[in-house]
Structure formats: structure tokens, C-alpha cells
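Presented below is the structure to which this report refers.
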Amino acid sequence: MIFTRAAWVLGVALVGFLCWLAFNGITQVVPLLVTAFALLALIGGGNFINGRSPPYGGHGARRSHEPEGPPSAGSA
């Protein structure tokens, strides 16, 4: 949990720094930012289309194609 939070903080700081560089006229970072935001949008959109939610949020219910519980002994 601590590693995940640290990765989020460092990632947001890095993107903020790259945006600051691009704003100040260093145009070499613009393709990197466009690529990063495009990947984020494509991955997030794919997860949204597939119905996936974050592991610790969202609907809270796991979707499964398997029936729950053991099969009953009386059914054939």
C-alpha cells in the first residue's frame, strides 16, 4: 500500500514537472506528454468498456461467469 501511494505521488510530480517544462518552452517533452495522456485515456477507456472497476472502489462486487457455491448432489 505504501509503495502504491509513493508511486502515485512520484508519478503525479513527474507529470507536473513535465507539464511545467512544456509550458516554459521545452518542446521536446510535448510528445512524451501526449503519449502518456493517450495511453492513460486508452487504458482507462478499455477498462470502462470492459466493465472493470478499481480493486478497492467502484461497485465492490466481483463479476464472475461461474455460479457461486457447490453444485447440489440431487441435480443431474
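The values are calculated or read from the model by the stated rules, or taken from the named source; none is laboratory data. Nothing here was measured: the structure is a model prediction, and the numbers come from that model. Neighbour counts are summed over all protein chains in view; Cβ atoms, including those assigned to glycine, are modelled from backbone coordinates with ideal geometry. The protein model used for the area step is the full one, side chains on, heavy atoms only, and it has no ligands, DNA or RNA in it. Shrake-Rupley method; radii C 1.70, N 1.55, O 1.52, S 1.80 Å.
Multiplying the residue separation of residue 35 and residue 7 by 0.36 nm and removing their Cα-Cα distance gives an extension gain of 8.2 nm.
On the protein heavy atoms, probe 1.4 angstrom, tell me the percent of accessible surface of the range 1-51 carried by carbon and sulfur. Don't skip to the end; give the middle numbers.
Numbers: 3510 of 4330 Å².
Answer for the range 1-51: carbon and sulfur cover 81 percent of the accessible area.
Ranked by the mean number of other Cβ atoms within 10 Å of their residues, highest first, the peptides 2-12, 24-34 fall in the order 24-34, 2-12.
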